[in-house]
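So the structure is just underneath, and the comments pick up after that.
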Amino acid sequence: MQKKLDGFQYDESYLAHGYKELTIPPAAGGSWVMEKNALHIWPRKSFMMIALPNPDGSFTCTLFWEFKGPRSFESTKTDDDVRRFFDEEFPDAVPLMPALLEDYRENPTGSLVTIRCAPWYYKDKVALVGDAAHAVVPFYGQGMNAAFEDCVVLDECLAQFSDNRQRAFAEYFARRKENADALADLAVENFVEMRDKTASKAFRAKKKLDHALEGLLPGIYLPLYTMISFTRIPYATAARRARVQDRIVYASLALVLLVIAVIIIRLMIPGR
């Protein structure tokens, strides 16, 4: 595409963080040593570790950590370095990871990249779908789903413009580009949220409020994660709707606090 198209836009944006996969094996008998119906997160501000359950009772752990720095993949080389780091940051996980040192030594350190390009097609000859057009970091778990959505939209466009494939490709690109870019931004934002904000009481309170409002206002109030993961709402539309909902919620909370403050002040005034 870069060779054939004048002005073809292509960008690779790498995070400063890499990742390394580790393992928590199953307990005797193949049972899980932690809650199996959960994503486990160890948030540590600038980095994190997560664990996802597998059917065999094991957990796949992933350490997301800076490539470079005083505490990073680059500076943590020896077994003693690794053991010290994990004992300090994840002391509850270490006893569950008997092969920690071997996993850390032998498993590669991967990179995390976002790819953006435009356009996604060349004349009526070829169209890009999935990661070839819009690779995203994995923190929303939507990369494969976004590729399937490409296929659905491309199929619709080919049917609509069956006699003009180039127009079908152009329509497909126009309908999907905004949503692919929105997902790329959401995925990076969710990385920050997972590694940092999940440790915040205020953040967890907001999540509980989201779930409560979703229950009280079914079909009207939908948290961002619900819209992205469990509906067909386009990513860009979901992001805009979530921002509007947040503004309404925060404005409502501010109004409630203001009313409470006014009532308290009036009660404190002598003679009232």
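Quick notes on this one:
- Listed pairs Lys77/Lys197; Lys77/Lys201; Lys177/Lys201 exceeding 32 Å between Cα atoms: Lys77/Lys201; Lys177/Lys201
- Residue of Ile220, Ile24, Ile228 that the Gaussian network model of the chain assigns the largest fluctuation, springs spanning Cα pairs under 10 Å: Ile220
- For Ala99 and Ala27, the FRET efficiency from 1/(1 + (r/R0)^6), where r spans their Cβ atoms and R0 equals 22 Å, is about 0.90.
- Dipole of the chain, positive end: most advanced residue of Leu183, Leu258, Cys117 [Cβ charges, Cα centre]: Leu258
- Global form of the chain, assessed from the alpha-carbon gyration tensor, a/c cut-off 1.5: oblate
- Overall, the accessible surface of segment 157-272 at a probe of 1.4 angstrom is composed of carbon and sulfur to the extent of 63 percent.
- Placing +1 on the Cβ of every Lys and Arg and -1 on the Cβ of every Asp and Glu, with nothing else charged, gives segment 163-240 a dipole about its Cα centre of roughly 160 debye.
- Rounded Å value of the spacing that divides the Cα centres of segment 72-139 and segment 199-272: 34 Å
- With R₀ set to 51 Å, the beta-carbon distance separating Leu267 from Arg175 gives a calculated FRET efficiency near 0.35.
- By accessible area with a 1.4 Å probe, ligands and nucleic acids excluded, highest first: order of Thr76, Thr60: Thr60, Thr76
- Within the assembled protein chains, the solvent-accessible surface assigned to Lys177 is about 40 Å², based on a 1.4 Å probe.
- Build a GNM of the chain with springs between Cα atoms under 10 Å apart, and of Ser111, Ser72, Ser31 the one that fluctuates most is Ser31.
- Projecting label points 7 angstrom from Cα along Cα→Cβ for Leu257 and Lys201 puts them 1.5 nm apart.
- Area of Tyr122 that stays accessible when all protein chains are in place (1.4 Å probe, Å², to 10): 50 Å²
- Taking all protein chains as they are arranged and a probe of 1.4 Å, the heavy atoms of Val152 leave approximately 60 Å² accessible to solvent.
- Solvent-accessible heavy-atom area per residue, rounded to whole Å², over the chain at 1.4 Å: 58 Å²
The values are calculated or read from the model by the stated rules, or taken from the named source; none is laboratory data. Nothing here was measured: the structure is a model prediction, and the numbers come from that model. Cβ sites come from the backbone with ideal geometry, for glycine too, and all protein chains shown count toward neighbours. Side chains included, ligands, DNA and RNA excluded: accessible areas come from the protein's heavy atoms. Shrake-Rupley method; radii C 1.70, N 1.55, O 1.52, S 1.80 Å.
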